[in-house]
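Read the structure below first, then the notes.
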Amino acid sequence: MDVFRQLKPYFWPEKKLFFGAILCLAMATALGLVYPNLLRYLIDNVIAKKQFELVPKLALIVVLVVSTKGIFQFLHGLCGGRLGNRVAYHLRNALYNKLQYLSFQYYDQARTGDLMSRLTADLEAIRQFIGFGFAQLLNVVLMLVFGMGMMFSINWKLALLTMITMPFLAFTAVRFEGKIHPAFRMVRQSLSTMTTAVQENITGVRTVKSFAREPHEVTKFSARNEDYKAMNIETSGIWAKYFPIMEILANLSVVTLLGAGGYMVIQNTITLGELVACFSLIWYIIGPMWGLGFHINNFTQTKASGEKILEILHQYMHVKDQQDAIALNNDEVQGHVRFDHVTFAYPEKQPALYDFTLDAPPGSVIGLLGSTGSGKTTVISLLMRAYNVKEGKVELDGKDIRSVQLETYRNQIATVFQETFLFSSTIRNNIAYGRKDVTMEEIIRAAKLSKAHNFIMELPEGYDTVVGERGLGLSGGQKQRIAIARALLKDPKILVLDDATSAVDMETEHEIQAGFGEVMKGRTTFIIAHRISSLKHADEIIVLDKGRIVQRGVHQDLLQQEGLYRQTYQIQYADQPPKSAAETQAAAAKETNSETLLDTQLHAAAQERRLAH
């Protein structure tokens, strides 16, 4: 019951409905006890004494009892239904709220299919049990107490004889519960694993088809489906083992009642009406006993589901506000970022960053270059406070970011990730996602700066075009330009571009960078890129290798040094096919014309930043 004690905050606010459902069901159960007494009266006082004029009165009483019982059953269903849905509503909100604020460290290991299973199947099991199952389980106790009480009032000797097998029946039911609960836990886990496999397959369907791996995916799913089938068969085996035993024990009570009761009628110890009443009452007791397995099954399933729900609700939040966290004022934030001797390692892994130090004054542009796994994304993750720094510190305007309210801090940052994500909504809503109140003119301006406006206007519905899940229906470059517009519209103090132009061609990259020259003014910008062209105008370029800074400086200085930066430059620019003199002059003239405006804008912006510093 510890699970339900922990869930109490979610159903106790609805305690009126909770107790109302129990009371209505108890009244309906109590009214059900009228039938055996009516049978006893009918046999002993009407039929035996031939007072048949009482039959209409008895029939009227039966109609009244049935009608009243029906009303209470209706009220029980009404209260139980409302209770279950309201509890599910509170839990669903709490779960979603928790998932929104859990740190990146949790999502690094969480599986989408598993989370979806908890938010649907497990939540539904709790809704059903809280709304109806608990009252039904309590009703089993009420029926046993009421039924046994009435049997003892008729003839205590017959009642005792009849109840001989009941302790064995109860013992078997308890043993059954002890076996079935772990089995259902394994079934839930197996279902979660299978759901995750389906979710991953649907998400990665393009990769599956591009590698022609459909047979492999079918085999992989079949193995998990086989495991789920095996878990269900094992659970069914437990049911098959215990239910016949429970039924035999229950029917032994009926045999004992008929044998002992019949003998007592012959000996005139009890009347025939009392025997019929006891026969009716024994089914009133055996019914709940037979259903006890179902209710225990329902209880154990809900208990297993509650454990999985509570696992999320009690999940530790690694990144959260301190008690005395400071709220940032947008107008006062300068955007001065400083990394002070930061060393960071992901859980149970070697450090991804060693002694990283950086000073980025307001309005500066910082470029990060390095091979895969060099620590570039880790720097950005720590800047966003996706993880807490263990050694060293990250500061914004002289304040340790751990002492700042997380929401107000992240409001100062806009990020364009390499893996672009668009919501299943209109392009207008996707661009405006980072701000609450925004005009159409501002959306269009951001789209023009990211060079997205022209292709958006070519779409059938323009800015009202609905893009599919994850932006399907748009090219990679188009999705990336919308993501850039979304970041620019937020008007942040810190702009992070995580290989933001990787999915666009060189010409579009030049156009977007020309727009960046304007929007970078007054903002501290971090650029992660594999193309030197995206970094060469930065105020400082940091070259990372295996988590360590191996080079730092501006573009021209780094070209004069032996190292990773010059090697990357030579790979990207020196490996060109030979051209004739005329082609070389034409290409040089074209490159000069295309880059003159970009160089002028970015050089002016860089010079302005240096003067400001």
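The length gained on full extension between A30 and I248, counted as 0.36 nm times the residue separation minus their Cα-Cα distance, comes to 75.8 nm.
Using a 1.4 angstrom probe, figure out how much accessible area the chain has per residue, in square angstrom, rounded to the nearest whole. Could the numbers behind the result be given before it?
On the way: 31650 Å² over 613 residues.
So the chain comes to 52 Å² accessible per residue, rounded to a whole number.
For the chain, the longest principal axis of the C-alpha atoms and the axis of helix 476-489 are separated by about 90°.
Helix 506-519 and the long axis of the chain differ in direction by around 90°, with both axes built from C-alpha atoms. For the chain, a crude dipole built from +1 on the beta carbon of Lys and Arg and -1 on the beta carbon of Asp and Glu, taken about the Cα centre, is about 2420 debye to the nearest 20. Exposure check, 1.4 Å probe, all protein chains in place: S305 carries approximately 0 Å² of accessible surface.
Share of the chain's accessible area from carbon and sulfur, percent, 1.4 Å?
Reported share for carbon and sulfur atoms: 58 percent.
If the chain linking I71 and Q560 were pulled fully straight, counting 0.36 nm for each residue of separation and taking away their Cα-Cα distance, it would gain 167.0 nm. With a cut-off of 17 Å, note down the residues of the stretch 113-128 whose backbone N falls inside the zone around a label point 7 Å from the Cα of Q315 toward its beta carbon. So the set is 113-123.
Under the convention that each Lys and Arg Cβ holds +1 and each Asp and Glu Cβ holds -1, the size of the dipole of the stretch 9-103 around its Cα centre is about 180 debye.
Sorting T372, T207, T195 by accessible area puts them as T372, T207, T195; the probe is 1.4 Å, largest comes first, and only protein heavy atoms count.
Placing pseudo-labels 7 Å out from each Cα toward the beta carbon at F421 and V3 gives an inter-label distance of 3.0 nm. Ranked by the mean number of other Cβ atoms within 10 Å per residue, highest first, peptides 550-561, 270-281 order as 270-281, 550-561. The simple spin-label model puts a point 7 Å past each Cα toward its Cβ; for M457 and Q51 those points are separated by 9.7 nm. Taking Cα atoms only, the orientation of helix 214-266 departs from the longest principal axis of the chain by about 20 degrees.
Look at where the Cα atoms of the stretch 150-175 and of the stretch 282-338 average out, and the two centres are 40 Å apart. What's the FRET efficiency of D227 with T207 using the Cβ-Cβ distance as r and R₀ = 25 Å, to the nearest 0.05? Calculated value: 0.55. Take K303: with every protein chain present and a 1.4 Å probe, its accessible area is about 50 Å². Heavy-atom accessible area, probed at 1.4 angstrom with all protein chains present, ranks F11, F19 as F19, F11, highest first. The heavy atoms of E458 offer some 150 square angstrom of accessible surface to a 1.4 angstrom probe. Model label sites at E234 and Q405, defined 7 Å from Cα along the beta-carbon direction, differ in position by 5.0 nm.
Of Y242, Y316, the residue with the largest accessible area leads and the full order is Y316, Y242 (1.4 Å probe).
The values are calculated or read from the model by the stated rules, or taken from the named source; none is laboratory data. Remember, predicted model here, so these are calculated numbers, not experimental data. Because the Cβ atoms are built from the backbone with ideal geometry, glycine has one as well, and the counts that use them run over all protein chains shown. Surface accessibility is based on the protein's heavy atoms, side chains included, excluding ligands, DNA and RNA. Shrake-Rupley method; radii C 1.70, N 1.55, O 1.52, S 1.80 Å.
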